[in-house]
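J.: Please see the structure below; I have some questions.
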Amino acid sequence: MYHTDYEGIFMKKPRPIHLNFLAMRFPLTAWVSISHRLSGFWIFMLIPSLLWILDQSLQSPVRFRFLKGFLEKPFCKIMVLSFLAALCYHTVAGFRHLFIDLGIGTTKTKSTGTAQLTLIVSVLLFLGLLYRFSQ
Amino acid sequence: MKSATSFAKPGLQDWILQRISAVVLAVYLFFLLGYLLKHHPLQYQAWHDLYTQEWVRILSLGALLSLMLHAWIGLWTISTDYIKARWLRCFFQMSVFIVLLNNLVWGIEILWGTI
(Lines give C-alpha, C1' and ligand atoms only; values in the text may rest on other atoms or scores of the structure.)
Protein backbone atom coordinates (compact mmCIF):
# COMPACT_ATOMS: atom_id res chain seq x y z
CA MET A 1 0.00 0.00 0.00
CA TYR A 2 2.79 2.39 0.80
CA HIS A 3 5.94 2.81 -1.20
CA THR A 4 8.95 5.06 -0.88
CA ASP A 5 10.54 7.09 -3.61
CA TYR A 6 14.32 7.34 -3.90
CA GLU A 7 14.47 10.05 -1.26
CA GLY A 8 12.80 7.80 1.25
CA ILE A 9 9.66 9.94 1.56
CA PHE A 10 6.57 7.89 2.15
CA MET A 11 4.07 8.30 -0.66
CA LYS A 12 0.60 6.93 -0.54
CA LYS A 13 -0.67 5.27 -3.67
CA PRO A 14 -3.39 7.45 -5.17
CA ARG A 15 -6.93 6.25 -4.49
CA PRO A 16 -8.49 4.28 -7.32
CA ILE A 17 -10.94 6.16 -9.52
CA HIS A 18 -13.79 4.33 -11.19
CA LEU A 19 -15.54 6.54 -13.70
CA ASN A 20 -16.83 3.92 -16.09
CA PHE A 21 -20.40 5.17 -16.04
CA LEU A 22 -21.40 2.57 -18.60
CA ALA A 23 -20.65 -0.15 -16.07
CA MET A 24 -22.80 1.43 -13.37
CA ARG A 25 -26.52 1.24 -12.76
CA PHE A 26 -28.32 4.34 -11.60
CA PRO A 27 -31.66 4.92 -9.88
CA LEU A 28 -34.44 6.65 -11.80
CA THR A 29 -33.93 9.85 -9.81
CA ALA A 30 -30.35 10.03 -11.10
CA TRP A 31 -31.54 9.77 -14.71
CA VAL A 32 -34.17 12.44 -14.12
CA SER A 33 -31.54 14.71 -12.63
CA ILE A 34 -28.98 14.37 -15.42
CA SER A 35 -31.70 14.73 -18.04
CA HIS A 36 -32.74 17.96 -16.37
CA ARG A 37 -29.21 19.24 -16.74
CA LEU A 38 -28.85 18.02 -20.33
CA SER A 39 -32.20 19.46 -21.44
CA GLY A 40 -31.26 22.79 -19.87
CA PHE A 41 -27.95 22.80 -21.72
CA TRP A 42 -29.69 21.98 -24.98
CA ILE A 43 -32.16 24.82 -24.53
CA PHE A 44 -29.24 27.19 -23.90
CA MET A 45 -27.64 26.07 -27.17
CA LEU A 46 -30.88 26.81 -29.00
CA ILE A 47 -31.43 30.33 -27.63
CA PRO A 48 -29.87 32.11 -30.64
CA SER A 49 -32.03 30.06 -33.02
CA LEU A 50 -35.12 30.90 -30.97
CA LEU A 51 -34.29 34.59 -31.10
CA TRP A 52 -33.84 34.32 -34.85
CA ILE A 53 -37.28 32.68 -35.16
CA LEU A 54 -38.86 35.47 -33.09
CA ASP A 55 -37.09 38.08 -35.17
CA GLN A 56 -38.24 36.57 -38.46
CA SER A 57 -41.81 36.16 -37.23
CA LEU A 58 -42.15 39.85 -36.32
CA GLN A 59 -40.49 41.48 -39.33
CA SER A 60 -43.14 41.27 -42.03
CA PRO A 61 -45.90 39.02 -43.39
CA VAL A 62 -43.45 37.84 -46.05
CA ARG A 63 -40.87 36.79 -43.48
CA PHE A 64 -43.61 35.19 -41.39
CA ARG A 65 -44.72 33.08 -44.35
CA PHE A 66 -41.13 32.22 -45.19
CA LEU A 67 -40.53 31.14 -41.61
CA LYS A 68 -43.60 28.90 -41.63
CA GLY A 69 -42.39 27.17 -44.78
CA PHE A 70 -38.83 26.98 -43.52
CA LEU A 71 -39.80 25.33 -40.25
CA GLU A 72 -41.65 22.63 -42.18
CA LYS A 73 -38.37 21.31 -43.53
CA PRO A 74 -37.46 17.90 -42.04
CA PHE A 75 -34.29 19.08 -40.28
CA CYS A 76 -36.05 22.10 -38.82
CA LYS A 77 -38.94 19.95 -37.68
CA ILE A 78 -36.54 17.70 -35.80
CA MET A 79 -34.88 20.69 -34.15
CA VAL A 80 -38.19 22.26 -33.17
CA LEU A 81 -39.47 18.99 -31.75
CA SER A 82 -36.25 18.44 -29.82
CA PHE A 83 -36.55 21.94 -28.38
CA LEU A 84 -40.17 21.38 -27.40
CA ALA A 85 -39.35 18.06 -25.79
CA ALA A 86 -36.41 19.55 -23.91
CA LEU A 87 -38.52 22.51 -22.76
CA CYS A 88 -41.40 20.32 -21.57
CA TYR A 89 -39.09 18.00 -19.71
CA HIS A 90 -36.91 20.73 -18.19
CA THR A 91 -39.94 22.70 -16.97
CA VAL A 92 -41.68 19.70 -15.41
CA ALA A 93 -38.46 18.46 -13.79
CA GLY A 94 -37.86 22.04 -12.67
CA PHE A 95 -41.20 22.03 -10.84
CA ARG A 96 -40.12 18.80 -9.16
CA HIS A 97 -36.98 20.63 -8.01
CA LEU A 98 -39.13 23.39 -6.52
CA PHE A 99 -41.29 20.85 -4.72
CA ILE A 100 -38.18 19.27 -3.23
CA ASP A 101 -37.00 22.73 -2.16
CA LEU A 102 -40.30 23.13 -0.35
CA GLY A 103 -39.76 19.76 1.31
CA ILE A 104 -42.31 17.83 -0.73
CA GLY A 105 -41.16 14.39 -1.85
CA THR A 106 -37.80 14.29 -0.12
CA THR A 107 -37.89 10.64 0.98
CA LYS A 108 -36.40 7.94 -1.20
CA THR A 109 -39.73 6.41 -2.22
CA LYS A 110 -41.49 9.75 -2.66
CA SER A 111 -38.71 11.20 -4.80
CA THR A 112 -38.78 8.11 -7.01
CA GLY A 113 -42.51 8.63 -7.30
CA THR A 114 -42.18 12.25 -8.34
CA ALA A 115 -39.43 11.22 -10.77
CA GLN A 116 -41.83 8.78 -12.45
CA LEU A 117 -44.49 11.48 -12.45
CA THR A 118 -42.05 13.88 -14.11
CA LEU A 119 -41.46 11.48 -16.97
CA ILE A 120 -45.15 10.78 -17.47
CA VAL A 121 -46.28 14.40 -17.24
CA SER A 122 -43.56 15.74 -19.54
CA VAL A 123 -44.29 13.09 -22.18
CA LEU A 124 -48.02 13.80 -21.98
CA LEU A 125 -47.40 17.53 -22.13
CA PHE A 126 -45.14 17.14 -25.15
CA LEU A 127 -47.58 14.89 -26.99
CA GLY A 128 -50.49 17.12 -26.06
CA LEU A 129 -48.80 20.23 -27.40
CA LEU A 130 -47.70 18.36 -30.51
CA TYR A 131 -51.26 17.25 -31.18
CA ARG A 132 -52.78 20.66 -30.49
CA PHE A 133 -50.36 22.58 -32.70
CA SER A 134 -50.47 20.17 -35.59
CA GLN A 135 -54.20 20.70 -36.06
CA MET B 1 -17.66 28.99 -0.17
CA LYS B 2 -17.00 32.09 -2.19
CA SER B 3 -16.32 31.91 -5.87
CA ALA B 4 -15.04 34.69 -8.08
CA THR B 5 -17.24 33.78 -11.00
CA SER B 6 -20.59 33.01 -9.42
CA PHE B 7 -23.22 35.64 -10.00
CA ALA B 8 -23.91 36.41 -6.39
CA LYS B 9 -21.95 36.04 -3.19
CA PRO B 10 -22.60 34.01 -1.15
CA GLY B 11 -23.71 31.03 -3.19
CA LEU B 12 -27.06 30.95 -1.47
CA GLN B 13 -28.11 34.01 -3.44
CA ASP B 14 -27.38 32.10 -6.64
CA TRP B 15 -29.69 29.37 -5.41
CA ILE B 16 -32.50 31.85 -4.76
CA LEU B 17 -31.96 33.73 -8.02
CA GLN B 18 -32.06 30.44 -9.90
CA ARG B 19 -35.47 29.70 -8.37
CA ILE B 20 -36.85 33.20 -8.89
CA SER B 21 -35.74 33.34 -12.53
CA ALA B 22 -37.22 29.87 -13.04
CA VAL B 23 -40.60 30.98 -11.72
CA VAL B 24 -40.56 34.15 -13.85
CA LEU B 25 -39.77 32.07 -16.93
CA ALA B 26 -42.47 29.54 -16.09
CA VAL B 27 -45.07 32.30 -15.76
CA TYR B 28 -44.00 33.89 -19.04
CA LEU B 29 -44.06 30.54 -20.85
CA PHE B 30 -47.47 29.82 -19.38
CA PHE B 31 -48.95 33.06 -20.78
CA LEU B 32 -47.15 32.67 -24.10
CA LEU B 33 -48.48 29.14 -24.42
CA GLY B 34 -51.95 30.34 -23.53
CA TYR B 35 -51.78 32.98 -26.23
CA LEU B 36 -50.48 30.54 -28.86
CA LEU B 37 -53.16 27.99 -28.01
CA LYS B 38 -55.89 30.62 -28.19
CA HIS B 39 -54.67 32.09 -31.48
CA HIS B 40 -53.91 28.83 -33.25
CA PRO B 41 -53.34 28.85 -36.20
CA LEU B 42 -51.13 31.87 -35.68
CA GLN B 43 -51.51 34.81 -38.05
CA TYR B 44 -48.86 37.42 -38.65
CA GLN B 45 -51.04 40.43 -37.76
CA ALA B 46 -52.15 39.22 -34.33
CA TRP B 47 -48.64 38.06 -33.43
CA HIS B 48 -47.11 41.30 -34.64
CA ASP B 49 -49.66 43.43 -32.80
CA LEU B 50 -48.96 41.51 -29.60
CA TYR B 51 -45.28 42.46 -29.59
CA THR B 52 -45.88 46.10 -30.42
CA GLN B 53 -47.62 46.58 -27.09
CA GLU B 54 -45.33 48.12 -24.50
CA TRP B 55 -46.42 45.91 -21.59
CA VAL B 56 -45.71 42.78 -23.63
CA ARG B 57 -42.28 44.10 -24.51
CA ILE B 58 -41.49 44.91 -20.90
CA LEU B 59 -42.67 41.52 -19.66
CA SER B 60 -40.69 39.85 -22.41
CA LEU B 61 -37.64 41.84 -21.36
CA GLY B 62 -38.12 40.59 -17.83
CA ALA B 63 -38.34 37.05 -19.11
CA LEU B 64 -35.24 37.58 -21.25
CA LEU B 65 -33.26 38.88 -18.28
CA SER B 66 -34.46 35.96 -16.20
CA LEU B 67 -33.42 33.58 -18.95
CA MET B 68 -29.90 35.00 -19.08
CA LEU B 69 -29.57 34.87 -15.31
CA HIS B 70 -31.01 31.36 -15.10
CA ALA B 71 -28.78 30.11 -17.91
CA TRP B 72 -25.67 31.70 -16.39
CA ILE B 73 -26.19 30.09 -13.01
CA GLY B 74 -27.00 26.74 -14.61
CA LEU B 75 -23.94 26.76 -16.85
CA TRP B 76 -21.76 28.03 -14.02
CA THR B 77 -22.87 24.98 -12.05
CA ILE B 78 -22.21 22.64 -14.96
CA SER B 79 -18.75 24.05 -15.70
CA THR B 80 -17.77 24.02 -12.03
CA ASP B 81 -18.88 20.38 -11.81
CA TYR B 82 -17.13 19.09 -14.90
CA ILE B 83 -14.26 21.41 -15.86
CA LYS B 84 -11.68 21.06 -13.15
CA ALA B 85 -8.83 22.96 -14.83
CA ARG B 86 -9.26 26.56 -13.78
CA TRP B 87 -7.99 28.11 -17.01
CA LEU B 88 -10.34 26.04 -19.16
CA ARG B 89 -13.27 26.62 -16.83
CA CYS B 90 -12.69 30.39 -16.83
CA PHE B 91 -12.45 30.39 -20.61
CA PHE B 92 -15.70 28.45 -20.83
CA GLN B 93 -17.49 30.75 -18.40
CA MET B 94 -16.21 33.84 -20.20
CA SER B 95 -17.52 32.47 -23.50
CA VAL B 96 -20.89 31.70 -21.97
CA PHE B 97 -21.07 35.20 -20.53
CA ILE B 98 -20.31 36.78 -23.90
CA VAL B 99 -22.88 34.57 -25.63
CA LEU B 100 -25.57 35.41 -23.08
CA LEU B 101 -24.80 39.11 -23.27
CA ASN B 102 -25.08 39.01 -27.05
CA ASN B 103 -28.37 37.14 -26.80
CA LEU B 104 -29.70 39.72 -24.37
CA VAL B 105 -28.80 42.67 -26.60
CA TRP B 106 -30.21 40.93 -29.67
CA GLY B 107 -33.40 40.13 -27.76
CA ILE B 108 -33.81 43.80 -26.82
CA GLU B 109 -33.26 44.82 -30.44
CA ILE B 110 -35.91 42.35 -31.58
CA LEU B 111 -38.45 43.49 -29.00
CA TRP B 112 -38.03 47.22 -29.56
CA GLY B 113 -37.15 47.01 -33.22
CA THR B 114 -40.61 45.83 -34.15
CA ILE B 115 -42.35 48.75 -35.79
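The values are calculated or read from the model by the stated rules, or taken from the named source; none is laboratory data. Bear in mind the structure is a predicted one, so any value in this text is a computation, not a measurement. Every residue, glycine among them, receives a Cβ derived from its backbone with ideal geometry; neighbour counts consider all protein chains shown. Remember, those area values only see protein heavy atoms, side chains included, never the ligands or the DNA or RNA. Shrake-Rupley method; radii C 1.70, N 1.55, O 1.52, S 1.80 Å.
J.: Please label the shape of the protein assembly as shown as rounded, prolate or oblate, based on the square roots a ≥ b ≥ c of the eigenvalues of the alpha-carbon gyration tensor (a/c under 1.5 means rounded; beyond that, a/b larger than b/c means prolate, else oblate). Walk me through the intermediate numbers first.
T.: Values: a/c = 2.21, a/b = 1.75, b/c = 1.26.
It comes out prolate by the Cα gyration axes.
J.: Rounded to the nearest 20 Debye, what is the dipole magnitude of chain B about its Cα centre when Lys and Arg each give +1 and Asp and Glu each give -1 at the C-beta? Could the numbers behind the result be given before it?
T.: Values: 8 positive and 5 negative charges, 102 e Å.
The dipole of chain B has a size of about 500 debye.
J.: Let me ask something else. What percent does the relative contact order of chain B come to when contacts are Cα pairs within less than 8 Å and at least six residues apart? The partial results should precede the final answer.
T.: Details: 71 pairs, mean separation 36.7, N = 115.
Relative contact order comes out at 32 percent.
J.: Taking the Cα centre as origin and putting +1 on Lys and Arg beta-carbons and -1 on Asp and Glu beta-carbons, what dipole magnitude results for the protein assembly as shown, to the nearest 20 debye?
T.: Details: 22 positive and 10 negative charges, 123 e Å.
My answer is approximately 580 debye.
J.: Work out, step by step, the length gained on full extension between B:E54 and B:W15: first 0.36 nm times the residue separation, then minus their alpha carbon distance; give nm to one decimal. Kindly include the intermediate steps, with their values, before the conclusion.
T.: Working: separation 39, 0.36 × 39 = 14.04 nm, distance 3.10 nm.
Full extension of this stretch gives 10.9 nm more.
J.: Mind telling me which of A:L19, A:L124, A:L67 comes out most flexible in a GNM of chain A, alpha-carbon contacts under 10 Å?
T.: A:L19
J.: For the residue pair B:V23 and B:I98, what label-to-label distance in nm results when each label sits 7 Å from Cα along the Cα-to-beta-carbon direction?
T.: Simple spin-label model gives 3.6 nm for this pair.
J.: As an exercise, identify the trypsin sites (Lys or Arg not before Pro) in the stretch B:20-109 lying in DSSP coil whose Cβ has no more than 10 other Cβ atoms within 10 Å. Can you show the working numbers first?
T.: Details: sites: B:K38, B:R57, B:K84, B:R86, B:R89; in loops: B:K84.
Answer by residue number: B:K84.
J.: To the nearest 10 degrees, how steeply does helix A:61-71 sit against the main Cα axis of chain A, on a 0 to 90 scale?
T.: 50
J.: Roughly what angle does helix B:86-113 make with the longest principal axis of chain B, taking Cα atoms, 0 to 90 degrees, to the nearest 10?
T.: 20
J.: Can you pull the one-decimal nm distance between simple spin-label points at A:F70 and B:F31, each 7 Å off the Cα toward Cβ?
T.: For A:F70 paired with B:F31, the spin-label model returns 2.8 nm.
J.: A further question follows. Would you please name the trypsin sites (Lys or Arg not before Pro) within the stretch A:11-46 that are DSSP coil residues with at most 16 other C-beta atoms within 10 Å of their C-beta?
T.: Numbers: sites: A:K12, A:R25, A:R37; in loops: A:R25.
Of the trypsin sites (Lys or Arg not before Pro), the ones in loops of the stretch A:11-46 whose Cβ has at most 16 other Cβ atoms within 10 Å are A:R25.
J.: Evaluate the relative contact order of the stretch A:15-135 (contact order divided by residue number), counting alpha-carbon pairs under 8 angstrom at least 6 apart; express in whole percent.
T.: On the way: 64 pairs, mean separation 38.4, N = 121.
Relative contact order, the stretch A:15-135: 32 percent.
J.: With each pseudo-label sitting 7 Å past Cα toward Cβ, what's the B:E109-A:S60 distance in nm, one decimal?
T.: For B:E109 paired with A:S60, the spin-label model returns 1.8 nm.
J.: Next question, about the same structure. Accessible area, 1.4 Å probe, largest first: how do A:S35, B:S21 sort?
T.: Values: A:S35 40, B:S21 5 Å².
Descending accessible area places them as A:S35, B:S21.
J.: Work out the mean other chain Cβ neighbour count within 10 Å for the residues of A:38-44 and drop it here as an integer. Write down the numbers at each step before the final one.
T.: Numbers: counts 1, 0, 6, 4, 0, 4, 11.
Per residue, the number of nearby Cβ atoms from other chains is 4 on average.
J.: Rounded to the nearest 500 deg cm²/dmol, what is the calculated helix-only ellipticity per residue at 222 nm for the protein assembly as shown, with -39500 (n - 2.57) per DSSP H run of length n ≥ 4?
T.: Working: 8 runs with 189 residues, N = 250.
Using -39500 (n - 2.57) per qualifying helix, the result is -26500 deg cm²/dmol.
J.: In sequence order, what are the phi-derived ³J(HN,Hα) couplings for the stretch A:74-86 according to the Karplus relation 6.51 cos²θ - 1.76 cosθ + 1.60 with θ = phi - 60°, rounded to whole Hz, with x for glycine and proline?
T.: x, 4, 5, 4, 4, 5, 5, 5, 5, 5, 4, 4, 4
J.: Set the Förster distance to 35 Å, then compute FRET efficiency between B:L61 and A:L119 from the Cβ-Cβ distance, nearest 0.05.
T.: On the way: r = 34 Å, r/R0 = 0.96.
Calculated transfer efficiency: 0.55.
J.: Each residue of the stretch B:62-73 in order: what ³J(HN,Hα) in whole Hz does its phi give by Karplus 6.51 cos²θ - 1.76 cosθ + 1.60, θ = phi - 60°, with x for Gly and Pro?
T.: My calculation for the stretch B:62-73 gives x, 5, 4, 4, 4, 5, 5, 5, 4, 5, 4, 4 Hz in order.
J.: How much accessible surface does B:D49 have with a 1.4 Å probe, in Å² rounded to 10?
T.: Here the accessible area works out near 70 Å².
J.: Okay, moving on. With 10 Å bins from zero, work out the P(r) of the stretch A:58-135 over every alpha carbon pair and list the percent per bin.
T.: Reading the bins upward from 0: 17, 34, 25, 15, 8, 1.
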